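The values are calculated or read from the model by the stated rules, or taken from the named source; none is laboratory data. Since this is a predicted model, take the numbers as computed values, not measurements. Reconstructed Cβ throughout: ideal geometry from the backbone, glycine too, with neighbour counts over all protein chains shown. Accessible surface is based on the protein model in full, side chains and every heavy atom, while ligands, DNA and RNA are left aside. Shrake-Rupley method; radii C 1.70, N 1.55, O 1.52, S 1.80 Å.
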Amino acid sequence: MQDRPPVRMRRIAWLLGFLIGIPSRNTLGFTIPAENQTEKVSGPDSLIMETFGEVFEYVSSALDWWHADGYCRQRFAHLPSETWDSELASLGKKLRSHQIQGAVWLNDEEVYLRKPRHRRIHSMPILMFQNKTDTKFVKVLADFPAMPAVSACAHLQWDQQATEISTVFSYAVSAFINEFQLRGFKDEDGFVRFAVILHGHHSPYLPVFRADGQWHHFCVVWQQRNGTWAIYADGKEKASATGLSASHTVNAHGTFIIGQDQDSLGGAFKEKESFSGNLTGLHVWHRILTKEQVEKVRSCVPIADGLVFGWSREILEVEASVEEATVQLTCPGPMEECQVLEVSHGSVHSISCLRPQPFVCRYPKELYFSLKEMQSRPVPPLIAQVNMWANATVIPANVFQADVQGLNASAAARVLGAVEKVLSGVEPPPLDTGGLLGVFQVLKEVSVTSLEAEEPAELETLGQHYVNVAGIILGEENAKEWSEIKPIIGGPMAVVENVDKMASAFHQLLSAEKPKVTFQNNNIGVEVRRMELGTPAVYVMPNQHQKAPDWIEVPVEEVERLRGRGLKHITLTNTWYRYGSLQRLLSGAGAVFEDAAVSDGGRRYVSTQVGSSIISSTLVSDYEEISTSVHYSLHHQAQALPDQLVVPVCAFWNFSRSPEGVGSWSTTGCSVVNSHPEFTACSCNHTTNFAVLLQVFEVQRSAEEESVLKTLTFVGCGVSFCALIVTFVLFLAVGVPKSERTTVHKNLIFALAAAEALLMFSELAKTNQGVCFAVTAFLHLFFMAAFAWMLVEGLLLWSKVVAVNMSEDRRMKFYYITGWGLPIIIVGVTLATSFNKYVADNHCWLNVQTDIIWAFVGPVLFVLTVNTFVLFRVVVVTVSSARRRSRMLTPNSSLEKQIGIQIWATAKPVLVLLPVLGLTWVCGVLVHLSVTWAYIFIVLNSLQGLYIFLVYAIYNSEVRNAIQRMKEKKKALSFTNCSHPINYLSSPRNTSWEMGKFGPSGPESAAKGATAKESMAKTPSHKGNFGAKMPMGLSAIMAPDKPVSRPSF
């Protein structure tokens, strides 16, 4: 077992000390349990169990599914999931080992997405049929198909004073008036009795509920097969039978009237048969509902399959005398079934989500151990000051044990008012990570609490406090704190999610007198309004300084589509989050686009930024969200370099369906309509939170420029390769005297020639993956060797100007190890550690998108740094020697002449040493600035071989002298063959320029030797590598065999 949690988890662990749902050290005994150890909690309700990868907390207190899930979430845990088979098996085994039987709740994604508060209390429009009359009616403006089965459900409040027969609804067609009806009356015992009429066939009147003035839910179902029918009231079957009009279907295209019996199609109403009471939530399906589905409808869970008419004011034609109102209707549900693990035999099945059950919370092991390791810490200053200011525990120090779900609007407003007062004070306490977590949890709990306001002003006050507090904690200055708590709550978009939930509670503030409510501060704005379809559905962000403000709208064609569905009114909710608040906090959330951004040769993907404000739009009709497309336009700001290209992307935040997820940006269903440098217009086929993301690309060369550069590279490398081969052959063939310097030159020339030959033909190897890999490895090796020998050139030059206590043999061994050993090691280690990421995708070279490229760039930068310093020291020595020599030889020379000598003394070593020291590669650092630097870089380095040929072969005195000796040797050979052929054959080394040293004694030979010696003594071109053309200091340094007096530094 791991004794200490990872560092990443320890960093966030202290943030949670005051927030853990475990009150004290003694409660859980803060000792880390051993592997598969069980920890007994001092409290009677919990048991801690550890498995290989998780820690489980068993809570014996029975709660319904939603409260159990909320308990775990308050502690950063989750209910176990059915998808984790091995985990459930281990959990079941642990529970059985403690004699725990029965069932425990499992995680259920669908149930999680349907929070009970969103369904249990509904504000619903009702129709009020006061007193019996022949004028009050409501017509359903829907086209009914032929129905071999039909179901109709509604909530109904019966008039206790009405005792005569009342028609709840009637459906008539031209061929038969009494096609489908529901009638009822109040009997002597106070029960309402219902009867169903199908195609003129009448069921008996049977009691279904009491006429007690309360709301009751009913459903009537019928199907043609066997004429089966049933009546349900308040979720229970009250009557059922068969044989009711089994030979007919319910005919199509009829007229559906609420509150009256039709004696003719759509008319001829009678007062004595009219309905008296209130009705809401009527739905009609062309199918029969099962008992379970009837219970779901009663619990306000919509059933979309087979729905013909859903309760909607926009598709009702209401007679003027029928009054309308809104009622807070409490749905008795939910009656969904949730999954449980049967501990005794490990099976999974479903039970009612409302049944109280024990449960288990699942913790990731690392997080749990980090929480267990926590010591008691002081209360965060913000929480302490808020509680002190309110003179009450507004935010408990152990906030994850707090239960604020019972708060009403007034109490919640007081809590958030105290928080806002402290946060917006003149000298607010620091909003540290602990305080930020506490404030966030208060916002979260308020947003998921069913808020009932006695006065609208209370809810309005709460709304303003909520928006102000959320805006403060989303300030840019809190970016560091958000980054630290992101592993816990998922980041700042969790606040956006809570604001969206809170905005739905503001719908109850709307009325005919007040069709719009608005809440805003500097960072957040919320607007909720009720509007008629036909008026512009546009929302403009407030407090903007741009010439064209940000906006979002429902397009005209969508409005017409909704009107075609019969909708007349909608509730529109818009929110916005100012640029600079969430954007700084979401700086890394766009990485999901990196895989989709493909470099095309002209540009290379760099990053994705949130470049705009975030704006949202949600449409609701009759308390159900409507899916529709939207258009929006947002200004954006890019953080990019001048040579980078910025491409706008229309995106939305997709909150993950998984309860454990935090969501991410997505572009599904969104597209760019038009884009400008300062703003972008977008279109999306759904409603949610939108933004404009900016993809940043590094601008590379165009196709034409790439072609020119490739041509230059190929031609230059070809010329360079030929020049290097000629130079190498000259060094071998003409008899250049062997020395350290010539040996180093030959190794450098060989490595460069091999690298450039491979580079020229690397394009041909792209088609074969194996060949391309081999070419890349050898290119890496020979270029590394070339730079290693350039480093040796610098080291050799340095040994001429400073004292180096090393023999020539030892130096050469060191040079060979450096020149060939180090490159082999570098390439070998790189291949061993990054074999799968070694080669680039589009060409045979190292992968520049990963860290592999540093296996080349790193050594190159080191070589260039060392050789730059060496060149600087050489120039200093050369200029100093030139100055001294000038003063000695021409003490009376003019100032202009002395300056010229010094300039030449500076320029010549630079020009001579640049190719072998590799300093022309410094231009590669500037390539990204302009394509011009790319041309310069390619020309200088692809012609490096030609430069070496010119400087170290054509204009090298040693090579020229060796060639001259070859010419003289040829002349001597020709003369000797004519005069003394036998002597030449016996002594082939005898030549005119060696007679003085090796030839036989004799007057002629001596004379020729003396002549040769005198000639050599008088010819200055034979002195060293550069001869008299180079200042004495550098000439002495570059001489291979002469000792040099080292200057003092």
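Gain on full extension, evaluated as 0.36 nm per residue between ALA268 and THR393 minus their Cα-Cα distance, stands at 38.4 nm.
Note on VAL620 and LYS93: the extension gain reaches 185.0 nm, defined as 0.36 nm multiplied by sequence separation minus the Cα-Cα distance. Accessible surface for VAL792 stands near 0 Å², nearest 10, in the context of the full protein assembly shown (1.4 Å probe). Taken one residue at a time, the phi angles of segment 823-837 give Karplus couplings (6.51, -1.76, 1.60, θ = phi - 60°) of x, 4, 5, 4, 5, x, 5, 4, 5, 5, 8, 9, 4, 7, 10 Hz. Gly and Pro are set to x. Taking all protein chains together and a 1.4 Å probe, the residues CYS670, CYS684 rank CYS670, CYS684 from largest to smallest accessible area.
Residues of segment 89-109 falling in the label zone of GLU342, defined by backbone nitrogen less than 14 Å from a point 7 Å along Cα to beta-carbon, are 101-104. For ALA175 and GLU82, a Förster radius of 41 Å and the Cβ-Cβ distance give a FRET efficiency of 0.20, rounded to the nearest 0.05. Across the cross-link table entries LYS800/LYS971; LYS800/LYS967; LYS94/LYS236; LYS444/LYS480; LYS272/LYS296, which are compared at the Cα atoms, the separations over 31 Å belong to LYS800/LYS971; LYS800/LYS967; LYS94/LYS236; LYS272/LYS296.
Taking a point 7 Å from the Cα of GLU968 along the Cα-to-Cβ direction, the residues of segment 734-770 with backbone N closer than 15 Å to it are 735-737. Solvent-accessible surface (1.4 Å probe) assigned to SER707 amounts to roughly 60 Å². At an R0 of 45 angstrom, the distance between the Cβ atoms of GLN644 and VAL327 translates into a FRET efficiency of 0.15. Working note: Karplus 6.51/-1.76/1.60 with θ = phi - 60° gives segment 431-439 the couplings 8, 7, 5, x, x, 5, 4, x, 5 Hz, where Gly and Pro are set to x. With a simple spin-label model that places each label point 7 Å from the Cα along the Cα-to-Cβ direction, the separation between GLU557 and GLU763 comes to 4.7 nm. The listed residues LEU265, LEU764, LEU382 rank as LEU764, LEU265, LEU382 when sorted by accessible area, largest first, using a 1.4 Å probe.
Please give the net charge around SER613, taking every other residue with its beta carbon less than 11 angstrom from that of SER613, where Lys and Arg add +1 and Asp and Glu add -1.
Numbers: positive: ARG578; negative: ASP550.
Here the count lands on 0.
Okay, which of segment 340-357 sit inside 16 Å, backbone N to the point 7 Å along the Cα-Cβ direction of HIS67? Zone members listed by number: 352-357. Taking amide H positions as modeled 1.01 Å from N, with prolines and chain starts lacking one, the residues under 5 Å from SER344 and 5 or more places away or on another chain are GLY102. Accessible area per residue for segment 457-532, computed on protein heavy atoms with a 1.4 Å probe, is 37 Å².
With θ taken as phi - 60° and the Karplus curve 6.51 cos²θ - 1.76 cosθ + 1.60 applied, the whole-hertz 3J(HN,Hα) list for segment 525-535 is x, 10, 9, 10, 8, 9, 9, 7, 5, x, 7 Hz, x standing for glycine and proline.
How much length is gained on full extension from SER834 to THR711, taking 0.36 nm per residue of separation minus their Cα-Cα distance? Can you show the working numbers first?
Working: separation 123, 0.36 × 123 = 44.28 nm, distance 3.15 nm.
Once the chain is fully extended between SER834 and THR711, it gains 41.1 nm.
The 1.4 Å probe gives accessible areas that order ARG811, ARG210, largest first, as ARG210, ARG811. Proximity of backbone amide H atoms, modeled 1.01 Å from N, is registered between VAL394 and ASN387 at under 5 Å, excluding neighbours fewer than 5 places apart on the same chain. Rounded to the nearest 0.05, what FRET efficiency do THR868 and VAL673 give with R0 = 51 Å and r taken as the Cβ-Cβ distance? Could you check? Calculated value: 0.45. For the peptides 857-864, 493-500, residues were scored by their other Cβ atoms within 10 Å and the scores averaged per peptide; the highest-first order is 493-500, 857-864. By a 1.4 Å probe calculation restricted to protein chains, TRP854 has an accessible surface near 150 Å², given to the nearest 10.
With each label modelled as a point 7 angstrom along the Cα→C-beta vector, the ARG565-SER60 pair spans 5.2 nm. Modelled this way, with points 7 Å down the Cα-to-C-beta line, the labels at GLU476 and ALA512 are 4.8 nm from one another.
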